[in-house]
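Here the structure comes first, spelled out in structure tokens, and everything after it is commentary.
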Amino acid sequence: AAFRNDRMYLVPRAWLKPTWHFDTYPNGVLTLLRVTTLKWMSVWYSASDVTGKDIQPVTNHDAAMASVYLISFIFFGSFFALNLFVSFIVDGFYTAQGVDSKFDDIQWATIQKMINQKWPKAKMRAPRNKISSMLRKVTSSDRFRFASATALLTN
């Protein structure tokens, strides 16, 4: 295929494959990996020009379908990536607590925590000193709690 240029002589011409394309499985996977990194505009430009197999691309031939496909892939891919990220964080959190991420271990740790919370506590004796008893009475009052919360919020 050739065309005439401004100087009126024939020049050979051919269309080249874009850098990011879906022609083969490995290239399709690499292209989708690029889309998940949110660098998808060059992929969108080449995907919207596709007309069919072994047919010359046409500018914006199927831009709507390319948009729907790539945006939905970004949407669901980001949910998958976020879910994977959160699962690693939660697994690290349970490991840091000394509990494996196994369901039985988590359930056992929860039961132990509940038992410790419900276990009877030793009663505290009232202070014998007058100043200590007065300070305990002041600090356990609702007015003091309100005043300290107000001071904390205004700070």
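The values are calculated or read from the model by the stated rules, or taken from the named source; none is laboratory data. Being a predicted model, the structure only gives us computed values, none of them experimental. Neighbour counts run over all protein chains shown; Cβ positions are idealised from the backbone, glycine included. Protein only, heavy atoms only, side chains kept; ligands, DNA and RNA dropped before computing areas. Shrake-Rupley method; radii C 1.70, N 1.55, O 1.52, S 1.80 Å.
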Worksheet item: Comparing A64, A81, A14, which has the greatest mean-square fluctuation in the GNM of the chain with Cα pairs linked when under 10 Å apart?
Response: A14
Item to complete: Mind ranking W108, W40 by accessible surface for me, highest first, 1.4 Å probe?
Response: W108, W40
Worksheet item: Which ³J(HN,Hα) values, rounded to whole Hz and listed in residue order, are derived for region 37-49 from phi using the Karplus coefficients 6.51, -1.76 and 1.60 in 6.51 cos²θ - 1.76 cosθ + 1.60 with θ = phi - 60°, glycine and proline given as x?
Response: 7, 6, 10, 10, 5, 5, 5, 5, 4, 6, 6, 6, 8
Discussion item. Quick check on region 85-155: take the gyration tensor over C-alpha atoms, sort the square-rooted eigenvalues as a ≥ b ≥ c, and tell me if it's rounded (a/c under 1.5), prolate or oblate.
Written reply: oblate
Discussion item. Running a GNM on the chain with Cα contacts under 10 Å, which residue among M65, M124, M41 ends up with the highest mean-square fluctuation?
Written reply: M124
Fill in: Alpha-carbon centroid distance for the pair region 38-56 / region 134-155, whole angstrom
67 Å
Worksheet entry | Listed residue (Y45, Q112, L30) projecting farthest to the positive dipole end of the chain, Cβ model | Q112
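Just from its helices, what would the mean residue ellipticity at 222 nm be for the chain, if runs of 4 or more DSSP H residues each count -39500 (n - 2.57) and the sum is divided by every residue, rounded to the nearest 500 deg cm²/dmol?
Details: 6 runs with 93 residues, N = 155.
For the chain, the value works out to -20000 deg cm²/dmol.
Any idea what the relative contact order of the chain is, in percent, if you count C-alpha pairs under 8 Å spaced at least 6 apart? Display every interim value, and only then the final one.
Numbers: 90 pairs, mean separation 14.3, N = 155.
9 percent.
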Discussion item. Connecting C-alpha atoms closer than 10 Å in a GNM of the chain, tell me which of V50, V138, V86 has the biggest fluctuation.
Written reply: V138
Worksheet item: Roughly how many Å² is the accessible area per residue of the chain, as a whole number, for a 1.4 Å probe?
Response: 90 Å²
Worksheet item: How much accessible area does T31 have with a 1.4 Å probe, in Å² rounded to the nearest 10?
Response: 0 Å²
Practice prompt. Pop out the ³J(HN,Hα) list for region 69-85 in order, Karplus 6.51 cos²θ - 1.76 cosθ + 1.60 with θ = phi - 60°, rounded to Hz; leave Gly and Pro as x.
Written response: 5, 5, 5, 5, 5, 5, 4, 6, x, 5, 4, 4, 5, 5, 4, 5, 4
Worksheet item: Per the Kirkwood treatment, what hydrodynamic radius in Å, one decimal, follows for the chain from the mean inverse distance over all distinct Cα pairs?
Response: 23.6 Å
